[in-house]
Amino acid sequence: MSTTDIYRVFAERETRGVSPAYERLSRVVAGDPELLALLDTLPPAKRQPNLLFGVVRLRGGPVDDPAAFRAYVMGHWPDVAAQMRVRATQTNEAGRCAALLPVLAALPQPLALLEVGASAGLCLYPDRYAYRYGDRRIGDGEPLLDCDLTGAEPPERRPEVVWRAGLDLNPLDVTDPADVAWLEALIWPEHRHRRDRLRAAAAVAAADPPLLVRGDLVDDLPALAAQAPPGATLVVFHSSVLYQVPQPRRDAFTALVRTLPGHWIANEDPSVLPHADLPDPPTDGFHNVLALDGRPVAWTTGHGQSLTWFRGGRRAGGR
Ligand SMILES: C[S@@+](CC[C@H](N)C(=O)[O-])C[C@H]1O[C@@H](n2cnc3c(N)ncnc32)[C@H](O)[C@@H]1O
């Protein structure tokens, strides 16, 4: 896709109705030959809207006014470009645990969780967060993750987790203020509730930091999986990761993960991890597919706000 198309699609598919500020900026960038020419000096993987907008926010630049944004990027391009080259979009959204919970809770307990593409590891604490699925509340405290669940009953309890580990090319540290500042800059401007959620989830993780290993989801997965304790169900999972992984490596990963013991949960864009016989998504806009052991079971929205079950019986996760 050309850079102008990337920004146009981002405006239409991802930000429309979700982030008016980023929708405006994306449309401005998509139609601005000078900005596009600057972006095209970067490697293709570094031209993404979320990376550009996150860097501008991290450096204190404006994102509310497109003219001021444009002037900032043009005037600070060497710094913006240098930051875009060394950083990656690593949005870590604890809210996605609400989409994972019904499947996790239905697996044989206790669990040994291994997340690939874990970022700072905030999705490794599904047993510590509180949830609200309609009238059903599970757990106490903060963060409270709200999820609109249809097509299945919510779980009755949280899973029991006896081991948690994450693998990431660039693990972030929730106890490092610079890493938390980058995670905050990656949250879209209007999403104050997500910034609150990030801080609450980071406090949970910082109180008992997970084992986070710097490594690749293919090359380093077997060695980390081998560290899982016997007697627990190994669950390898990932959420919004494979779009960052080249196709041959995605194929290598999906072949590898099927050889591991335990279970595999994917929460990914169906255009990067396709499934046969998917029903239509419940609404327009961006959706991931939740799949257990390669079998699609539900549509989810990007930050775990909704989970639309289409397979598996009354109890979510039933097989
Ligand atoms: C968009 S973030 C998602 C983080 C987390 N899964 C969540 O749902 O909040 C994607 C993460 O995948 C990591 N990643 C990308 N390619 C990877 C690879 N080949 N091996 C391990 N991690 C990778 C990135 O560094 C980044 O932290």
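Where a number appears in this text, it was derived from the coordinates with a stated rule and is not lab data. Being a predicted model, the structure only gives us computed values, none of them experimental. All Cβ positions, glycine included, derive from the backbone under ideal geometry; neighbour counts span all protein chains shown.
So what is log10(I(q)/I(0)) for segment 93-194 at q = 0.15 1/Å, when the Debye sum runs over its Cα atoms only?
With one equal scatterer per Cα and no solvent, log10 I(q)/I(0) is -0.67.
For segment 144-282, taking Cα atoms only, what is the radius of gyration to one decimal and the Dmax to the nearest whole Å?
16.9, 45
If you stretched the chain out fully between GLN109 and ARG195, how much longer would it get, using 0.36 nm times the residue separation minus the C-alpha to C-alpha distance?
Taking GLN109 through ARG195 to full extension adds about 27.8 nm, to one decimal.
Could you tell me the distance between the Cα centroids of segment 23-48 and segment 239-312, to the nearest Å?
After rounding, the separation between the Cα centres reads 28 Å.
Using 0.36 nm per residue, how much length does the chain from ASP40 to MET1 gain when fully extended, once their Cα-Cα distance is taken away?
12.8 nm
Using r as the Cβ-Cβ distance of ALA67 and LEU169, and R0 as 35 Å, what FRET efficiency do you calculate, to the nearest 0.05?
Given R0 = 35 Å and the Cβ-Cβ separation, E is 0.45.
Compute from the Cα atoms of segment 79-144 the Rg and the Dmax, the latter being the longest Cα-Cα distance, and quote both in angstrom.
15.5, 50
Pairs of alpha-carbon atoms within less than 8 angstrom and 6+ residues apart define the contacts here; what relative contact order does the chain have, in percent?
Here the relative contact order equals 19 percent.
Step by step: find N for the chain, compute 2.2 N^0.38 Å, then divide the Cα radius of gyration by it. What's the final number?
0.98
Can you compute the helix-only [θ] at 222 nm over the chain? Use -39500 (n - 2.57) per DSSP H run of at least 4 residues, normalise by all residues, nearest 500 deg cm²/dmol.
Only helices count here, giving -9500 deg cm²/dmol.
Grab the Cα-Cα distance for PHE286 and ARG157, subtract it from 0.36 nm times how many residues apart they are, and report the gain in nm with one decimal.
Full extension of this stretch gives 43.6 nm more.
Looking at segment 7-112, I'd like the Rg to Rh ratio, where Rg is from alpha-carbon atoms and Rh is Kirkwood's inverse mean 1/r.
Taking Rh as the inverse mean 1/r over Cα pairs, Rg/Rh reads 1.12.
List every DSSP H helix in the chain whose Cα atoms extend 18 Å or more along the helix's own long axis and whose mean Kyte-Doolittle hydropathy is at least -1.0.
192-207
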